[in-house]
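Beneath this line is the structure, given in C-alpha cells, with notes to follow.
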Amino acid sequence: MTVPLNETTTSTVEKSIELLFHLHDAGEPLGVSALGRALGLPKSTAHRLLGPLLRRGLVERDAAGRYRPGFALVALGLGVLGGDPLVAAARPVLEEEAESLGETVFLTAVRGGRIAVLEKAEGSGFLRAAPQVGGTVPVHATAVGKLQLAYAPDEVVLGERFDAFTPATAATPEALAREVELARQRGFAENRDEWIPGLAVVAAPVLVAGRLVAAVSIAVPTVRLQELGAARLAERAVAAAGRVAARLSGRIPRTQENAA
C-alpha cells in the first residue's frame, strides 16, 4: 500500500522515486490522474514529475497516454549488476554449469532484506523464464531461503504469515524450521514444488571467511530430478558455490591452475 505524500514536506526527488516504485508495483500502465490519487498529489504535480522521467526513458507512455516503467530502468539495473564483483566472480561458473547440465543455474544474494536474483545462466529447458534477474524469491518456499535462514537469518525479513504457493509449501514455522536444520546439517538445501509447481531446486551456500555472501542454485523440472539425481545435483551445486567463493577470495582452483 502506498503512503500518500505531503507535497510541502517531501522533496521532488523523493516524490519521483515514490512514483517510479508505484508504477512498478501497479503491474499495469496508469494515467496521471490515477497516479496523483494513489500518491496524494495534485494531477499537475504528478504530470510535472513525469516529464523528466519520460525524457530520460525511466518511464514510457502508451498509446492511451498512460505511464509504465521505462526501459532505461533495465539499463540502470543491469549496469549495477554488471559492476558487482559477486556477479563477475560467479558468471563463468554459472555458465559452465548450465552448459554442462543443460539446466538453468542461478546466483542469489540478500539485497535490502530480500533474496534477489543477481545472475543466471540459461539452460535449454522450460525453466528459462523463471525467475528473472533482478526479481526476488520468497524466503520460506525456496532452497536459497532455507540456506539464508540456516546461515544468516538476521539478514532477511521472514513474515509471520506463510503464503501457500503450492500444497508442498511449508505451512508452519515448525515445518520450515525442520527444513532449515536439515539444510544446516547437509550444507545445501532443496526445494521440490514448494514455490512453483514442476520446479525443483538444489542450492548451496557461497561462503567467504565463514560468512554467507550468496547462493548458487540449480533449477530443474521436478520430473527430471530423479533422472539427474538429487545427490549429484547437490554435489555440483556445492562444488560450483565453492568455485565462486574461491574466485571471490582471489584463489584459483587447482584444476584451472594446472591448465594455465
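Bear in mind these aren't lab numbers, they're just calculated from the coordinates by the rules spelled out. The shown structure was predicted, so the numbers you read here are calculated from the model rather than taken from an experiment. Positions of Cβ are backbone-derived with ideal geometry, glycine not excepted, and every protein chain shown enters the neighbour counts.
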When we measure straight from the Cα of Lys15, which aspartates and glutamates land under 17 angstrom away, once same-chain ones fewer than 8 places off are left out? Glu7, Asp25
Report, by chain and number, residues whose modeled amide H sits under 5 Å from the one on Ala214, excluding near sequence neighbours (fewer than 5 apart, same chain). Val206
Highest-MSF residue in the chain out of Ala26, Ala98, Ala170 [GNM, Cα springs under 10 Å]: Ala26
Provide the net charge surrounding Ala90, with neighbours chosen by a C-beta distance below 11 Å and charges set as Lys +1, Arg +1, Asp -1, Glu -1. -1
Under the Karplus relation 6.51 cos²θ - 1.76 cosθ + 1.60, θ = phi - 60°, what is the ordered set of whole-Hz ³J(HN,Hα) values for region 231-236, x standing for Gly and Pro? 5, 5, 5, 5, 4, 5
Summed side-chain charge close to Ala175 - residues other than Ala175 whose Cβ falls under 12 Å, Lys, Arg +1, Asp, Glu -1: -2
Max mean-square fluctuation residue, GNM over the chain, Cα-Cα springs under 10 Å, options Ala46, Ala203, Ala245: Ala46
Springs between alpha-carbon pairs under 10 angstrom, Gaussian network model over the chain: which of Leu50, Leu94, Leu225 fluctuates most? Leu50
Amide H contacts under 5 Å for Arg111, placed H, 5+ residues apart: Ala116
Inter-centroid distance (Cα atoms) of region 15-75 relative to region 204-253, Å: 40
Excluding the sites themselves, what is the longest stretch of the chain that contains no trypsin sites (Lys or Arg not before Pro) in a DSSP loop with at most 14 other C-beta atoms within 10 Å? 57-160
For region 117-248, build the charge dipole from Cβ charges (+1 Lys, Arg; -1 Asp, Glu) around the Cα centre, then report which of Val238, Pro153, Thr222 sits farthest towards its positive end. Val238
For P(r) over Cα pairs in 5 Å bins from 0, in percent, one of [x] 1, 6, 12, 16, 19, 18, 13, 8, 4, 2, 0, 0; [y] 1, 6, 12, 15, 15, 13, 12, 10, 8, 6, 3, 1, 0, 0; [z] 1, 5, 10, 13, 15, 16, 15, 11, 8, 4, 1, 0 was computed from the structure I shared and the rest are decoys. Which label? [y]
